[in-house]
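I have placed the structure first, in the form of C-alpha cells, so that the comments after it can refer back to it.
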Amino acid sequence: MKKIDELPENVGRIVIAGHIHPDGDCVGSCLGLKNYLSVIRPRAQVDIYLEKFSEDFGFLQGAGEVCHELPEREPYDVAFALDCSDTERLGDAVKYFTAAKRRICIDHHITNEGFSDENIICPDASSTCEVLYSLMEDSFVNRAVAECLYTGIVHDTGVFKHSNTKEETMRIAGRLITKGADPSYIIDETFYKKTFAQNKALARALDTAELWLDGAVIGSVITEKDFEELGIGSGDLDGIVDQLRVTDGVEAAVFLYEAPEGKCKVSMRANGSVDVSRIAREFGGGGHVKAAGCTVSGGWREIIDQIAGRIAEQLEH
Ligand code: AMP
Ligand code: MN
Ligand code: MN
C-alpha cells in the first residue's frame, strides 16, 4: 500500500489499534486515520480500540467514540496497528488484529521487525502521524484530521525539539496548520499543561535524581510510596525523563517507576552516542535510538544497576 486511498471502495469493517499506555502520537494517529477514512470511505464502519488515555486529547474528533472494552466481534476486513512496534504492545486488541482478513502496520519504531502482513515502517519519520500524512491525499485532509496529526507530531518531537525533527516534519506541520490545526492550543493544552500533582511528581523525581558514571548518566525513580504520598498515578509521569535528559553533561537519562506485579517501567533518553533502543530491546522493550522503554521484572535497584552497566559498555566503545 502506498496510499490509504488504495483501500477498496467497498471496504466494510475496519479496526484501528495502537499501543498500550497510548501517548499523543498513538491517539493522534488512530483518530487521524479514522477521521480520514470517514472522508474517503464514508460507508465503512471504523472502530478504534485503545486503553484509556488522557482527557487532554478529548477535543480531537472521535475521541469520545474510542472503545476501551473488547467484546467478541466477527473478524474485521482490515486491521491497522499504529505506532506499535510489536504485537504484545497492542494489548488485548491483538485478538482483533490477528483475526482480521487484512493486516497493515504503520509505524516509525526502529525496533519494529515487521510483525504484520503489510508493514509501512519509517524509522526516520518523527512520528507515526508523519508517516500517516505521507500516505494521505492532501486534498482530503480536513481540520479534524489535521488536528490529530499535528498533536502526534508535537508529542513525539517534544514540540519540534528532538533530533527526529526534520525539514519534512516542519513542512507537514506547517501544512497541518494551514488545514486548521491550532498550534498554541494543542501545544499548551496537550503537552505543556501539568496538574499540580504532576508538577509535584516532577519535583520529587528531580529532587531524588542521582548522577552515575561520573555524571554521564542521570537516573531517578518514583516508587510505590511516592505514588501514595503524592496521590498520583503512572499517567502523571510523562515528561519527567525529558527534563532529566537536558541536564548539562549527561549522555543518557533513565527514569523508572514501580509498576504492578513486581515490575518496573523504564524510560530512557539519550543525548550523544548511546543507543537506548538496543538496551530497551535487550530487556524486552523497544523504541528509538534516542528514546526507548521497557517493562522489567525485579526491584528498581537491580534494574538500574543492569541498565547503567549496559550504558557503561556503550560509552567504553
Ligand atoms: P517512553 O519512555 O515510554 O516515553 O517510550 C519511549 C519510546 O519507546 C516510545 O516510542 C515508546 O513507544 C517506546 N517504548 C516504550 N516502552 C516500550 C516497550 N515496553 N516496548 C516497546 N517499545 C517501547
Ligand atoms: Mn507512541
Ligand atoms: Mn510514535
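Key figures
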read-out	value
Single residue of Val39, Val46 found to be free of Cβ contacts under 8 Å to residues at least 60 places away in the same chain and of a type in the set (A, V, I, L, M, F, W, C)	Val46
Selection count where residues are open to solvent by less than 60 Å² (accessible area, probe 1.4 Å) and of a type outside the set (Phe, Trp, Tyr), scope segment 40-51	7
Answer from Ser85, Ser54 - the residue that is among the polar types (S, T, N, Q), open to solvent by 40 Å² or more (accessible area, probe 1.4 Å) and either within 16 Å of ligand 3 (Cβ to nearest atom) or in contact with a strand residue (DSSP E or B) (Cβ under 6 Å, 6 or more places away or on another chain) (or both)	Ser54
Residue in segment 78-124 that is farthest from the chain's Cα centre (by Cα), counting only those that are acidic (Asp, Glu) and in a loop (DSSP other than H, G, I, E, B)	Asp117
Residue list for segment 58-77, restricted to those being charged (D, E, K, R), part of a loop (DSSP other than H, G, I, E, B) and exposed (fewer than 12 other Cβ atoms within 10 Å of the Cβ)	Glu69, Glu72, Glu74
Leading residue by the ranking (farthest from Leu230 (Cα to Cα)) among those in segment 176-212 that are polar (S, T, N, Q) and surrounded by fewer than 17 Cβ atoms within 10 Å (Cβ to Cβ)	Thr178
Matching residues in segment 6-33 - criterion: being open to solvent by 40 Å² or more (accessible area, probe 1.4 Å) and away from ligand 3 (no atom under 16 Å from the Cβ)	Glu6, Pro8, Glu9, Asn10, Arg13
In segment 272-289, the residues that are at pLDDT 95 or above, surrounded by fewer than 20 Cβ atoms within 10 Å (Cβ to Cβ) and not hydrophobic (A, V, I, L, M, F, W, C)	Asp275, Arg278, Arg281, Glu282, Gly284
Any chance Phe59 is within 29 Å of Phe191 (Cβ to Cβ), aromatic (Phe, Trp, Tyr) and within 16 Å of ligand 3 (Cβ to nearest atom)	no
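The values are calculated or read from the model by the stated rules, or taken from the named source; none is laboratory data. Nothing here was measured: the structure is a model prediction, and the numbers come from that model. No Cβ is skipped: glycine too gets one built from the backbone with ideal geometry, and neighbour counts run over all protein chains shown. In case anyone asks, the SASA skips ligands and DNA or RNA and just uses the protein heavy atoms, side chains included. Shrake-Rupley method; radii C 1.70, N 1.55, O 1.52, S 1.80 Å.
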